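Report on the following structure.
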Amino acid sequence: MRTVSLDQLGRHLAALPGRPRVVVSGNVAVPWEAVRTLDACREEYVIHALNAPPGIPDRPGVTAETCFVGGGMRRHSNLSYVPSRLSLVPVLYGGPLAPDVVIVQCAPSRDGMLSLGIEVNVLPAAIEACRARSGLVVAVVNDRMPYTGGDALLDESAVDLAVEVSVPVPSHDPLTPDADSQLIGERIADRVPDGATIQAGIGGIPDATIAALTDRRGLRVWTEMFSDGVVALDRAGALDPDHPLTTSFLFGSQDLYDWVDGNPRVRMTRTETTNDPGLIARQRAMTSVNSALEVDLFGQANASRINARIHSGFGGQTDFVVGALHSPGGQSYIALRSWHPKADCSTVVPLLDEPVTSVQQSAVVTEQGVAELYGYDQRGQCRHIIRDAAHPRVRDELWEEARALGLA
């Protein structure tokens with residue numbers, strides 16, 4: 001590993017042949033200093049990141065490529081969305097999405113090992129694929145990034161160039177859930193026993209579910225990501241103190257980052273492990289909680305598209321739905337409000353007109369109630385969705401549509 005200035009990094013990037021694919025840390029760990037350098041020195045390139053926040057360059061010559069669309073790419077003028085379950089993205093790096101350059105943000109080295117900090121995810125696979133084809137691996141070393149272990153550890157010998165920075169890691173304080181989110185979270189929490197293993201997706205409802213579990217004991221965590229709610233569970237004595245907390249990335253407050261810094265209980269884990277349905281199924285009473293944009297009377301969930309335009313992607317929802325239902329005592333929930341406050345429409349529709357993100361959940365949960373799906377025939381599922389999950393304003397219309405669909 002050789003430490004260079006940003007100007008020197010720019011000269012290395014400018015010398016790359018063709019139109020390089022550059023994989024960068026995503027979520028809130030984007031190495032912005034290196035991204036700006038890349039954009040200044042290259043006329044054309046492909047930037048690949050998962051759930052990228054605003055700030056991704058958008059101009060002729062720049063292709064924004066991703067398997068999960070974030071706010072920084074959602075309206076990009078040259079978006080290249082590659083549909084994929086998150087567990088399969090590392091496989092793509094070994095084939096059609098092979099990286100020429102990988103740029104990661106890291107915490108400073110300890111005993112010859114850097115740390116990927118709050119963002120592991122698909123990055124180890126990207127680094128390995130890049131090195132296998134003699135590509136360029138760059139570490140942006142930030143002394144304000146928390147130092148985490150597990151698969152976050154990156155040997156200095158795997159890095160070609162390093163740039164040193166000192167910038168705040170984006171953070172946000174926990175939000176107070178609104179009344180509907182709190183009610184939905186409590187409904188799900190009521191069904192989570194002591195000793196269960198928790199996965200909660202991104203959003204207010206999963207956060208509210210975690211917040212309602214502080215009186216449990218012996219809980220375990222196996223998830224794509226977690227935030228401050230897990231810290232609250234630990235301080236309340238709700239977690240199994242002898243079991244590691246397995247996650248792939250983190251986002252939350254500075255308190256969370258201070259808590260995970262050097263914490264041996266936090267096991268940062270690569271996506272191929274966290275999102276492997278077979279490994280998820282081995283977790284004790286695996287309980288998966290995810291959100292959706294809408295569900296239909298067949299129990300199908302759309303969490304990816306709005307008016308046919310890609311909004312996010314498959315992510316890990318399918319991985320965890322399948323894994324949880326194969327776990328002894330496992331459960332998988334889709335949780336959402338029954339009425340969309342901004343669009344002013346029902347989130348329960350007769351039949352999705354968007355691609356399906358996931359199916360076969362244990363139940364759909366809204367502020368109206370819990371619609372049991374698992375083990376019921378299609379008519380029973382439909383009946384429960386209309387009666388227990390849909391908003392009262394649309395139930396009559398949904399019954400009419402159900403009859404037309406042969407579900408009533």
Looking at the range 211-229, is at least one residue out of contact with any Pro (no Cβ under 9 Å at 6 or more places or on another chain), crowded, with 24+ Cβ neighbours inside 10 Å, in a helix (DSSP H, G or I) and of a type outside the set (Asp, Glu)?
no
Can you find even one residue in the range 312-326 that is among the acidic types (Asp, Glu), under 24 Å from the mean Cα position of the chain (by Cα), in the same structural domain as residue 291 (by TED's automatic domain parsing) and within 25 Å of residue 199 (Cα to Cα)?
yes
Determine whether residue 36 is in a loop (DSSP other than H, G, I, E, B), out of contact with any strand residue (DSSP E or B) (no Cβ under 6 Å at 6 or more places or on another chain), modelled with pLDDT of 95 or more and charged (D, E, K, R).
no
For residue 84, all conditions in the list (1) of a type in the set (Ser, Thr, Tyr); (2) within 27 Å of residue 42 (Cα to Cα); (3) touching a helix residue (DSSP H, G or I) at 6+ places or on another chain (Cβ under 8 Å) hold save one; what is the number of the exception?
(2)
Could you tell me whether the range 337-353 includes any residue that is closer than 28 Å to residue 247 by Cα and buried (at least 18 other Cβ atoms within 10 Å of the Cβ)?
yes
Just the residues that are within 21 Å of the chain's Cα centre (by Cα), surrounded by fewer than 24 Cβ atoms within 10 Å (Cβ to Cβ) and in a helix (DSSP H, G or I), please, taken from the range 230-246.
231, 232, 233
Considering only the range 374-381, I want to know if a residue exists there that is crowded, with 20+ Cβ neighbours inside 10 Å and at pLDDT 95 or above.
yes
Scan the range 46-54 and give yes if some residue there is part of a loop (DSSP other than H, G, I, E, B), farther than 24 Å from residue 162 by Cα and either in the same structural domain as residue 270 (by TED's automatic domain parsing) or more than 16 Å from the chain's Cα centre (by Cα) (or both), otherwise no.
yes
Out of the residues in the range 179-213 that are among the hydrophobic types (A, V, I, L, M, F, W, C) and within 18 Å of residue 372 (Cα to Cα), state the one that is farthest from the chain's Cα centre (by Cα).
183
Mind counting the residues in the range 265-302 that are of a type in the set (D, E, K, R) and part of a strand (DSSP E or B)?
3
Any residue at all in the range 298-307 that's in contact with a helix residue (DSSP H, G or I) (Cβ under 8 Å, 6 or more places away or on another chain), more than 22 Å from residue 274 (Cβ to Cβ) and surrounded by fewer than 21 Cβ atoms within 10 Å (Cβ to Cβ)?
yes
Considering the range 184-209 alone, what residues qualify as being farther than 25 Å from residue 312 by Cα and either free of Cβ contacts under 8 Å to residues at least 24 places away in the same chain or surrounded by fewer than 19 Cβ atoms within 10 Å (Cβ to Cβ) (or both)?
186, 190, 191, 193, 194, 195
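Would you check which residues across the range 303-325 are on the phi > 0 side of the Ramachandran plot and in a loop (DSSP other than H, G, I, E, B) and list them? Break it down stepwise before answering.
If we filter the range 303-325 for residues that are on the phi > 0 side of the Ramachandran plot, which is where we start, we get 307-308, 313, 315.
Answer for the range 303-325, where residues must be on the phi > 0 side of the Ramachandran plot and in a loop (DSSP other than H, G, I, E, B): 307, 308, 313.
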Residue 6 meets each of (1) in contact with a strand residue (DSSP E or B) (Cβ under 8 Å, 6 or more places away or on another chain); (2) under 28 Å from residue 271 (Cα atoms); (3) of a type outside the set (Val, Ile, Thr) with one exception, condition (2)
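Is it fair to say residue 155 is acidic (Asp, Glu), in contact with a strand residue (DSSP E or B) (Cβ under 8 Å, 6 or more places away or on another chain), surrounded by fewer than 21 Cβ atoms within 10 Å (Cβ to Cβ) and not assigned by TED's automatic domain parsing to the domain that holds residue 70?
No; evaluated as a whole, the condition is false for this residue.
For the range 247-275, what are the residues that are crowded, with 23+ Cβ neighbours inside 10 Å and touching a Phe, Trp or Tyr at 6+ places or on another chain (Cβ under 6 Å)?
Residues of the range 247-275 crowded, with 23+ Cβ neighbours inside 10 Å: 247-250, 252, 256, 260, 266, 268-269, 271, 274-275.
Within the range 247-275, just 247 meets the criteria.
The values are calculated or read from the model by the stated rules, or taken from the named source; none is laboratory data. Bear in mind the structure is a predicted one, so any value in this text is a computation, not a measurement. In this analysis, Cβ positions are derived from the backbone assuming ideal geometry, glycine residues included, and neighbour counts consider all displayed protein chains.
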